[in-house]
Amino acid sequence: MTSKKYILGVFDDEDVLLNAIEKTRAAGTKIYDVFSPYPIHGIDDVLGIQRSRLPIVAFFCGLCGTSFALWMQIYMLGFDWPMIIGGKPHISIPAFIPVTFELTVLFASFGMVITFFIISGLRPTMKVPVMDVRSTDDKYVMAIEWKEGTDITKLNDLLRSNGAIEVNEKEVVK
């Protein structure tokens, strides 16, 4: 089991937090993560998080769903077991639209969920460490990973000068 040490800056206001993130990153400090009770608009840009490529995966999974649905219906109703229903042709694309739509949505949604879990490293048995319990209630927490050679007093002063109401140390065992 490995353990990591984090310096936690606790903030009261989201605007102060966003300003502190900008100043902390400008000072050259790498921020591990930020925890808040609700999503904060614009925090991804301030943290420097790149835009997700998940929509691209969704498009290609949906394309696979569309292809599979059309192939399946054309093969089943046109070649494997052709039936004359009401004088319609065996391969009738308008009749295939509902099933094609449903399989497109099914493949896209399952593909996105599976890709998200693989990329984010989430597992069903993974226990996520809670940095500060108050981050689920009314506080905002900025976590900075402490590494050897990091001056804790300098980091403490940086966080406090940017509006942190308190600065804590936390050791997380993984």
Computed over the chain, the convex hull of the Cα set has an average projected area, in nm², of 14.9
The helix 93-120 Cα axis meets the longest alpha-carbon principal axis of the chain at an angle in degrees, between 0 and 90 and rounded to 10, of 30
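Per residue, how much accessible area does the stretch 11-111 show when a 1.4 Å probe rolls over the protein heavy atoms, in square angstrom?
70
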Dimensions of the stretch 53-120 along principal axes (Cα, Å, largest first)? 51, 19, 12
Using the basic label-point model (7 angstrom from Cα toward the beta carbon), what is the Thr150 to Met72 distance in nanometres? 5.0
In the chain, carbon and sulfur make up what percent of the accessible area (probe 1.4 Å)? 63
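The values are calculated or read from the model by the stated rules, or taken from the named source; none is laboratory data. As the structure is a computational prediction, the values presented were derived from the model and not from experiment. So basically every Cβ, Gly included, is an ideal-geometry build from the backbone, and we count neighbours across all protein chains shown. Just the protein is used for accessible areas: all its heavy atoms, side chains included, with ligands, DNA and RNA removed. Shrake-Rupley method; radii C 1.70, N 1.55, O 1.52, S 1.80 Å.
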